[in-house]
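J.: Before I ask anything, here is the structure I am working with.
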Amino acid sequence: MANRAAPLLARAAETPEATALIFEDVPISYAKLAGHARDAMNGLAALGVGRGDRVGLWLPSTPDFIIAQQALFLLGAVVTPLNILYRAQEVEHAVACCDLGRIITTGTLAATLADAPPCPLIAMDLATDRGEVRSLPQAIGNAQPCDSIADPDDEELAMLLLTSATTGKAKGVMLSIANLAANYDRTPDWLGVHRRSVILCALPLYNTFGLNQGINAMLATGCAMVLLPRFDAEACIAAIAEHRCTFLPAVPTMLQKIVDHPAASREALGSLRTVMTGGAPVPSPLLRRLLELAPDVELLTGYGLTEATALVTLTQVRLGEDGRIGRERTIGRVLDGIDIAILDEDGRMQPAGASGEIAVRGPNVMAGYYHAPQDNAAALQGGWLRTGDIGYIDAEGYAFIVDRKKDVIIRGGQNIYPAEIEEVLYQVPGVTEAAVVARPDPVLGEVPVAFVALKAGCAPGIEQMTDHCRASLASYKCPASIEIRDELPKGPTGKILRRALRPAPGAAGTP
């Protein structure tokens, strides 16, 4: 199987002058991008990086991230992107759990690690070495050009990705070249991205979403990608309008901020043809507003996880004649070449409509967690990846997530799934964000409590929201309290972080 940088080299040979990236309104051709990657490969080789080495990428969302990633692929090294928001202790954990030999970063980020970095550092933006931090530009200037690239085997690791760590310490997910070929390389076809598409990527590049539907979709198809250094609704609208972007990967909170922005209009967003989202349900009002602004858009949602490389299921989100989303909360049907099943605690398959743990099987399933045998034993059982998500599959093959296994709230012996309550809260006009977590209770064990954020100018009261929950849910599922906040805490991709809303261990409360 080809080197993971082969698509970049092929595009540079076939369409050298075609635009690969647009960053800060500056176009970068495929030939120029490939040239930068080859230069970086030579410099990294001069610094001792070679095939099989595990190297961290601690870089912001700029062309340098892509150049460094492709250079490492050319060398046959294993790439581990690091969250740009990591602090020194988190970087140290990433280095330890993935056995990283080096980190490619910036001079500014390197300085945050003080005088004791956990491994050797290489800076892409320093003209010369600074103390123990090696300068990649200096190494490139001193390196001998080399045209040969690594020819790795299918089962060799290409990426060692850190889980999101929203529920604990991050682990390294081992993805082979074969894993990426089976999933990343098929994603553009699944999403309808092609050579003439223009991608707008405002996602962090260290995340699977950005790696797959940003970088890899661009290289696999040879299309152009407008890259923003960070998400900003106004900047997204301006970029879509100026560059006539056709494909937007984004989580629902990003979409909500875009369509709610005063600059959003049909003229600005009308070029969009496909929007891919995931990570949370799409409320009906959001889809209606999106269709008003981009009437030709197809909104896709799906389900994926790093341990399964990326996408597992997919569906188009449609409005019915009643103005509501058909098959609300479905994550769609399983994609070609992948199997999903609903398993009980003993690993037995459950029939249609029965809830259990979602399991995934196929060539996209990770090789395992790096140096974590206990975690592997729990996650990989009988050829299946146990995802930790609770759901069911209906008679027509549509899958639904009920909730995360570890997020289930047990109130007096009754199981409560936060997503069900959140869906009801989203039905209240003006609610733009909702999250439900468990609060300890001295009598019932746990009770659900809700947090919401409201659209500007809308003011549904707590009593109105409580009454709607009582009318829509069994009494034991109704939130014991509802708190309104300006904004709910989110991770780097915009996904609401329930863990940040949970009471501290040992806290007590009453319904």
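J.: Go through segment 373-422 and tell me which strands (runs of 3 or more DSSP E), entirely inside it, have 1 or more residues that are without any contact (Cβ under 8 Å) to a residue 24 or more places away in the chain and surrounded by fewer than 17 Cβ atoms within 10 Å (Cβ to Cβ). Walk me through how you get there before you give the answer.
T.: Working: elements: 384-393, 399-404, 409-411, 414-416.
The strands (runs of 3 or more DSSP E) meeting that bar are 414-416.
J.: Right, another one. Pairs please, first residue from segment 284-300 and at pLDDT below 95, second anywhere and of a type in the set (Asp, Glu), Cβ atoms under 9 Å, 6+ apart in sequence or on different chains.
T.: SER284/GLU328; ARG289/ASP260
J.: Restricting attention to segment 319-339, and to residues there that are farther than 19 Å from ALA359 by Cα and in contact (Cβ under 8 Å) with a residue 12 or more places away in the chain, which single residue is surrounded by the fewest Cβ atoms within 10 Å (Cβ to Cβ)?
T.: Per the stated criteria, the residue is GLY323.
J.: Of all residues in segment 429-459, which are touching a Pro at 6+ places or on another chain (Cβ under 8 Å), in contact (Cβ under 8 Å) with a residue 60 or more places away in the chain and closer than 20 Å to LEU501 by Cβ?
T.: Across segment 429-459, the qualifying residues are ALA435, VAL436, VAL437, ALA438, ARG439, PRO440, ASP441, LEU444, VAL447, VAL449.
J.: If LYS257 meets every condition in (1) charged (D, E, K, R); (2) touching a helix residue (DSSP H, G or I) at 6+ places or on another chain (Cβ under 6 Å); (3) within 26 Å of TYR417 (Cβ to Cβ) apart from one, which number is that one?
T.: For LYS257, the failing item is (3).
J.: Now, a different point. Kindly indicate which of ALA367, ALA359 is surrounded by 16 or more Cβ atoms within 10 Å (Cβ to Cβ), of a type outside the set (Lys, Arg) and more than 12 Å from VAL312 (Cβ to Cβ).
T.: The conditions single out ALA367.
J.: Continuing with this model, one more query. Determine which member of the set ASP189, ASP185 is closer than 21 Å to SER271 by Cα, over 14 Å from the mean Cα position of the chain (by Cα) and surrounded by fewer than 22 Cβ atoms within 10 Å (Cβ to Cβ).
T.: ASP189
J.: Could I ask something else about it? Name every residue in segment 495-507 that is at pLDDT 80 or above and in a loop (DSSP other than H, G, I, E, B), in order of residue number.
T.: LYS495, LEU497, ARG502, PRO503
The values are calculated or read from the model by the stated rules, or taken from the named source; none is laboratory data. All values reported here derive from a predicted model rather than from experimental measurement. Cβ: placed from backbone, ideal geometry, glycine included. Neighbour counts: every protein chain shown.
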